[in-house]
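S.K.: Take a look at the following structure, please.
The values are calculated or read from the model by the stated rules, or taken from the named source; none is laboratory data. If you're wondering where the values come from, they're calculated on a predicted model, not measured in any experiment. Neighbour counts are summed over all protein chains in view; Cβ atoms, including those assigned to glycine, are modelled from backbone coordinates with ideal geometry. Protein only, heavy atoms only, side chains kept; ligands, DNA and RNA dropped before computing areas. Shrake-Rupley method; radii C 1.70, N 1.55, O 1.52, S 1.80 Å.
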Number of protein chains: 2
Amino acid sequence: MKNNNILIIGSVAIDSIETPFGKRESVLGGSATYSSMSASNFSKFVSIVAVVGKDFPNRYLELFKKRNIDLTGLEVDKEHKTFKWKGDYNYDLNSPRTIYTHLNVFQDFDPKIPEPSKKSRFIFLANIDPDLQNKILSQVRNPELIVLDTMNYWISKKKKSLIKLLKKIDIFLLNDGEARQLSGEINLKKAANFIISSGSPAVIIKKGEHGVLFFSKHFSFSAPAYLLETIRDPTGAGDTFAGGMLGYLSTVRKINSQNIRKSLIYGSIMASFVVEDFSVGRLIKLSKSDINKRYRELKRVTSF
Amino acid sequence: MKNNNILIIGSVAIDSIETPFGKRESVLGGSATYSSMSASNFSKFVSIVAVVGKDFPNRYLELFKKRNIDLTGLEVDKEHKTFKWKGDYNYDLNSPRTIYTHLNVFQDFDPKIPEPSKKSRFIFLANIDPDLQNKILSQVRNPELIVLDTMNYWISKKKKSLIKLLKKIDIFLLNDGEARQLSGEINLKKAANFIISSGSPAVIIKKGEHGVLFFSKHFSFSAPAYLLETIRDPTGAGDTFAGGMLGYLSTVRKINSQNIRKSLIYGSIMASFVVEDFSVGRLIKLSKSDINKRYRELKRVTSF
């Protein structure tokens, strides 16, 4: 019997970020962080599998616990430091320039899924080495929905492993540049066709401020982004999107096309919140009514 | 008493275009051409005011006549040649590189609105010198809707004239880059606020393949683009959008928010057709059912 758990495997990191709107040193970051904090706005059953170092601040652990995020699968590696990333953005805010990436604990990360989490209904394989992602899939027991993320680095370094993975998942999540890189197609519809014919039943192409596109054999969907006046820090927007999407899907009885559409809108809305502040500042202060207000607004500005 | 005419003032040109998908020499182009051909799919009362030279091919005049487009206001200047533009696009297809612009007849163009057209219900001021656009407005008699287009060139050369015009129109139409250039704001919502506070009651920001945004004091709307696999020539997409929008609005009884939303979708759909072929090749072969099929499809892929 599956539980209604959302299991997220990814990174928990210490980020240093500079944008035209400010600067933060050593704030909480990482793909598992953003996606779990986002999902926790919808579900009380969110677990992460990740690794941190001995230097990981207790106050950040407390943040997860306060959000009811299960940390059984969070390994503490006493030998190494936490994964660290530093980047900055210029005014276009589209993609950061990496100043450094210190893998630290992630150098030898061997993710182990705790027993109860193996029966999770939802799996989010956040961006890590596709070979590790594959290893994780061999540990889980027939989840209902597996969402896979990746990044340009793995597309160039481990394209074969990545393509192999596509047959084992349900939804592949990547941004427009990555979709073009993987498929060799400029046109996003053609890129999506390539991905689907490579084995992924569905694909979500994230276009940042231009929204997201969903493609599957059964239906397509174009979700606009919620329009903001102020974007202070775009870090984590994609993972927050994924967390919101899975979070919403965990609340519905049936994963059908109507609910997938809605989940993409909830994902977009969660992403619209996270970029309004640095780190997870905005995600941990949200109420259900904040979220639903934006949902209704987005519905209003897109209906015709 | 106003008539239901759509009056378009802009250019009729001879274009030479190269894209990654082909090459055409001396084809029919120009803002008045694209917008009137597009509008003529909705209305039998489309008039243009423009100028061509003695070299303008008869077969192109026939194309307008076949579409029922009124050419009373099309001046033929025996002294000069037709306006000519040559450009090419690379794979991103976003903006062309201009190889040459020969203004020719447009150097001394002094647009005169024929008497019956002065009472037109709809005016589209396609991209020309804002001082000329202003002169045109002094000739028309209280139209119901005035839509203004422009380009980066006029924003840098005649910003003051352009800003002054905004108080006299109803909807300002420009692309994202132009909106940023005019307002000095990176963020499109802020750019729209600047334009509205400068006097334009509403603004449409065209984002190419990412759709269009509409802003007014009363409501906002985000229209997705119709997703294509093949874009052969993006020339004229913006003018075709405007023509479709005004064409649709001329068929409804009341210009309210619901109909403006629909008109933006029809504009997007007309733009999605024109880019599938060079010049106006696709616009002159469309049926009502082609258009309505895409309308329904766009509705399906965006509803949630």
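S.K.: List the pairs whose first member sits in the stretch B:289-304 and is within 9 Å of another protein chain (Cβ to nearest Cβ) and without any contact (Cβ under 8 Å) to a residue 60 or more places away in the chain, whose second member is part of a helix (DSSP H, G or I) and of a type outside the set (A, V, I, L, M), and whose Cβ atoms are under 7 Å apart, counting only residues at least 6 apart or on separate chains?
M.R.: Listed by first residue and then by second, the contacts come to B:Phe304/A:Arg261; B:Phe304/A:Lys262.
S.K.: While we're looking at this one, here's another question. Got a number for residues in the stretch A:128-164 being more than 20 Å from A:Pro114 (Cα to Cα) and in contact (Cβ under 8 Å) with a residue 40 or more places away in the chain?
M.R.: So the count comes out to 1.
S.K.: Since A:Gly244 meets every condition but one in (1) within 12 Å of another protein chain (Cβ to nearest Cβ); (2) farther than 25 Å from B:Leu228 by Cβ; (3) buried (at least 24 other Cβ atoms within 10 Å of the Cβ), which condition does it not meet?
M.R.: Status for A:Gly244: all satisfied but (1).
S.K.: A further question follows. Scan the stretch A:137-154 for residues that are surrounded by fewer than 20 Cβ atoms within 10 Å (Cβ to Cβ) and among the β-branched types (Val, Ile, Thr) and report the count.
M.R.: Here the count works out to 1.
S.K.: Yes or no: B:Thr235 more than 9 Å from chain A (Cβ to nearest Cβ) and open to solvent by less than 10 Å² (accessible area, probe 1.4 Å)?
M.R.: Taking the combined requirement at face value, the residue does not satisfy it.
S.K.: I've got another one for you. If you check A:Glu276 against the conditions, is it modelled with pLDDT under 95 and out of contact with any strand residue (DSSP E or B) (no Cβ under 8 Å at 6 or more places or on another chain)?
M.R.: Spelling it out, it is not the case that A:Glu276 is modelled with pLDDT under 95 and out of contact with any strand residue (DSSP E or B) (no Cβ under 8 Å at 6 or more places or on another chain).
Conditions tested, residue by residue: (1) small (Gly, Ala, Ser); (2) within 26 Å of A:Ser257 (Cβ to Cβ).
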residue: A:Leu137; (1), (2): no, yes
residue: A:Lys164; (1), (2): no, no
residue: A:Lys168; (1), (2): no, yes
residue: A:Ala191; (1), (2): yes, yes
residue: A:Phe194; (1), (2): no, yes
residue: A:Ser197; (1), (2): yes, yes
residue: A:Pro201; (1), (2): no, yes
residue: A:Gly211; (1), (2): yes, yes
residue: A:Ser220; (1), (2): yes, yes
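S.K.: Taking the criterion of being part of a helix (DSSP H, G or I) and crowded, with 18+ Cβ neighbours inside 10 Å, would at least one residue in the stretch B:85-100 satisfy it?
M.R.: No.
S.K.: Being open to solvent by 20 Å² or more (accessible area, probe 1.4 Å), closer than 26 Å to B:Ile269 by Cα and either of a type in the set (Val, Ile, Thr) or within 14 Å of chain A (Cβ to nearest Cβ) (or both) narrows it down to one of B:Asp170, B:Asp176, so name that one.
M.R.: B:Asp176
S.K.: Would you mind telling me which numbered condition in (1) surrounded by 24 or more Cβ atoms within 10 Å (Cβ to Cβ); (2) within 20 Å of B:Phe122 (Cα to Cα); (3) more than 10 Å from chain A (Cβ to nearest Cβ); (4) touching a helix residue (DSSP H, G or I) at 6+ places or on another chain (Cβ under 6 Å) B:Val280 fails?
M.R.: (2)
S.K.: Something else: Of all residues in the stretch A:181-190 being assigned to a helix (DSSP H, G or I) and facing chain B (nearest Cβ under 10 Å), which is nearest to the chain's Cα centre (by Cα)?
M.R.: If we take residues in the stretch A:181-190 being assigned to a helix (DSSP H, G or I) and facing chain B (nearest Cβ under 10 Å), then A:Leu188 is nearest to the chain's Cα centre (by Cα).
S.K.: Pairs, please: C-beta under 7 Å, at least 6 apart or cross-chain, first residue closer than 14 Å to B:Gly30 by Cβ and in the stretch B:89-114, second assigned to a strand (DSSP E or B) and open to solvent by 40 Å² or more (accessible area, probe 1.4 Å)?
M.R.: Pairs found: B:His102/B:Lys84; B:Asn104/B:Lys84.
S.K.: Considering the stretch B:252-277 alone, what residues qualify as being more than 14 Å from every other protein chain (Cβ to nearest Cβ) and of a type in the set (Lys, Arg)?
M.R.: Matches in the stretch B:252-277: B:Arg253, B:Lys254.
S.K.: Here is a check on your reading of the model: is A:Leu213 among the aliphatic types (A, V, I, L, M) and at the interface with chain B (Cβ under 10 Å from one of its Cβ atoms)?
M.R.: So A:Leu213 fits the description; yes.
S.K.: So, one more: Residue check: is B:Ile205 open to solvent by less than 10 Å² (accessible area, probe 1.4 Å), within 12 Å of chain A (Cβ to nearest Cβ), in contact with a strand residue (DSSP E or B) (Cβ under 8 Å, 6 or more places away or on another chain) and under 30 Å from B:Pro20 (Cβ atoms)?
M.R.: Yes, satisfied.
S.K.: Would you call A:Asp70 crowded, with 19+ Cβ neighbours inside 10 Å, at negative phi and acidic (Asp, Glu)?
M.R.: So A:Asp70 fits the description; yes.
S.K.: Scan the stretch A:247-274 residue by residue and report those that are free of Cβ contacts under 8 Å to residues at least 60 places away in the same chain and in contact with a Leu (Cβ under 8 Å, 6 or more places away or on another chain).
M.R.: A:Asn259, A:Ile260, A:Ser263, A:Ile265, A:Ser268, A:Ile269, A:Ser272, A:Phe273 - these are the residues of the stretch A:247-274 that are free of Cβ contacts under 8 Å to residues at least 60 places away in the same chain and in contact with a Leu (Cβ under 8 Å, 6 or more places away or on another chain).
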